[in-house]
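Participant: Here's a structure for you.
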Amino acid sequence: MYMNDYLLDTPLRGSRIFTGHTEYVGIDKIAITYPLDCEYSDGSADIFTKHGALIGRNTRTSLPYAKGSLQAGNGATISFEILNHDQKARLEFNPSRLLDPNGSTLCEPDLVESVTTSVIIYLASQGLFPLWAFDRSTGEFIHDQPQLWPADWNRSTLVTRLDPARDVLSPYPDCRVANLIAVRKKYTPNDILYRNDYGVINTILWGSPKRMRSQIYNKQIIVDGREENWLRFELQARTPMLKKVGLRTLADIRN
């Protein structure tokens, strides 16, 4: 029996082509930077648990920073830091987990901006105050009124990491990550294998950590109250790759 014969005898027969299943595509993680109002963002708030200084590679200039992390009500973690003498914030979080604490679904690209807006609003009251959140013409604080933010605020919010992902349910019961380690990756033959608590290979990771890495891992997803074994393929794209494909700012992330 050939592959095509098998597919014709499965529920896949007559279904949409693979690329048509966009409900299984989304953003797993994002990292952004945006300008801060130094007057209200000095890194002294209690949420910052680590302070230090970065030494410039060429100039040897000392740049202070403050770091911390918070857990949202559903347990999702938001990591943040203040850089460049309190002039820039960097956030990293998982919009999918913020929307779905069970981790069963992925955040649609069109929803990333609204999720990010909520995170920025929350952190503005905690010590990371955006530059655009104080209207100097009226003297009004507008950090919690995004309808009053400048129209281009999302274009001054740079994306430094973006992890698009796709979930796959295979019709083959034995299609698990451990069975894929022999697959040859033409341009990146070296990889890293991660095992779960039982010693079973759960993740294959490969690529450049400074440009783009890829990984595939086993993913247990609850569907209609029943646990199913899926695979999740994920890209971890950094600034050089994001620039290349035109995903430089928050405004560029769309379905």
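The values are calculated or read from the model by the stated rules, or taken from the named source; none is laboratory data. Every value quoted in this text rests on a predicted model; they were computed, and no experiment measured them. Glycine gets a Cβ as well: all are built from the backbone with ideal geometry, and neighbour counts include every protein chain shown. These area figures cover heavy atoms from the full protein model, side chains too; ligands, DNA and RNA do not enter into them. Shrake-Rupley method; radii C 1.70, N 1.55, O 1.52, S 1.80 Å.
Participant: Which condition does ARG166 not pass, out of (1) among the basic types (Lys, Arg); (2) closer than 21 Å to GLU23 by Cβ; (3) loosely packed, with under 14 Cβ neighbours inside 10 Å, if it passes all the others?
Facilitator: Evaluating ARG166 over (1) among the basic types (Lys, Arg); (2) closer than 21 Å to GLU23 by Cβ; (3) loosely packed, with under 14 Cβ neighbours inside 10 Å leaves (3) as the failure.
Participant: Give all pairs with beta carbons closer than 7 Å in which a residue from the stretch 26-45 that is open to solvent by less than 10 Å² (accessible area, probe 1.4 Å) meets a residue that is in a loop (DSSP other than H, G, I, E, B) and among the polar types (S, T, N, Q); count only pairs at least 6 apart in sequence or on separate chains.
Facilitator: Listed by first residue and then by second, the contacts come to ILE32/THR157; TYR34/SER156; TYR34/THR157; LEU36/GLN87.
Participant: Can I ask one more? Output the residues belonging to the stretch 1-39 that are aromatic (Phe, Trp, Tyr) and modelled with pLDDT under 90.
Facilitator: TYR2, TYR6, PHE18, TYR24
This table checks each residue for (1) open to solvent by 70 Å² or more (accessible area, probe 1.4 Å); (2) within 22 Å of the chain's Cα centre (by Cα); (3) at pLDDT below 90.
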residue: GLY52; (1), (2), (3): no, no, yes
residue: GLY56; (1), (2), (3): no, no, yes
residue: ALA66; (1), (2), (3): no, yes, no
residue: GLU81; (1), (2), (3): no, yes, no
residue: HIS85; (1), (2), (3): yes, no, yes
residue: SER114; (1), (2), (3): no, yes, no
residue: VAL119; (1), (2), (3): no, yes, no
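Participant: Can you tell me which residues in the stretch 54-102 are polar (S, T, N, Q) and part of a strand (DSSP E or B)?
Facilitator: SER62, SER69, GLN71, THR77, SER79
Participant: Related question: Of everything in the stretch 178-221 that's in contact with a Gly (Cβ under 8 Å, 6 or more places away or on another chain) and among the hydroxyl-bearing types (Ser, Thr, Tyr), which residue is nearest to MET241 (Cα to Cα)?
Facilitator: SER214
Participant: Cβ-Cβ below 8 Å, separation at least six or inter-chain, first residue in the stretch 177-206 and over 23 Å from GLN220 (Cα atoms), second open to solvent by 80 Å² or more (accessible area, probe 1.4 Å) and part of a helix (DSSP H, G or I): which pairs?
Facilitator: Matching pairs, first to second residue: none at all.
Participant: I've got another one for you. Out of the stretch 185-202, which residues are under 14 Å from SER214 (Cα atoms) and open to solvent by 90 Å² or more (accessible area, probe 1.4 Å)?
Facilitator: Within the stretch 185-202, LYS186, TYR187, PRO189, ASN190, TYR194 qualify.
Participant: Search the stretch 69-79 for residues being in contact with a strand residue (DSSP E or B) (Cβ under 6 Å, 6 or more places away or on another chain) and surrounded by 15 or more Cβ atoms within 10 Å (Cβ to Cβ), and hand back the single one that is nearest to LEU54 (Cα to Cα).
Facilitator: Per the stated criteria, the residue is SER69.
Participant: Restricting to the stretch 122-145, name every residue that is under 16 Å from PRO35 (Cβ atoms) and open to solvent by less than 80 Å² (accessible area, probe 1.4 Å). Show your work before the answer.
Facilitator: Here is the first cut: in the stretch 122-145, the residues under 16 Å from PRO35 (Cβ atoms) are 123-124, 127-136, 142-143.
Listed by number, the residues that qualify are LEU123, ALA124, GLY127, LEU128, PHE129, PRO130, TRP132, ALA133, PHE134, ASP135, ILE142, HIS143.
Participant: Go through (1) out of contact with any helix residue (DSSP H, G or I) (no Cβ under 7 Å at 6 or more places or on another chain); (2) among the polar types (S, T, N, Q); (3) part of a loop (DSSP other than H, G, I, E, B) and name the single condition THR105 misses.
Facilitator: With (1) out of contact with any helix residue (DSSP H, G or I) (no Cβ under 7 Å at 6 or more places or on another chain); (2) among the polar types (S, T, N, Q); (3) part of a loop (DSSP other than H, G, I, E, B) applied to THR105, the lone miss is (1).
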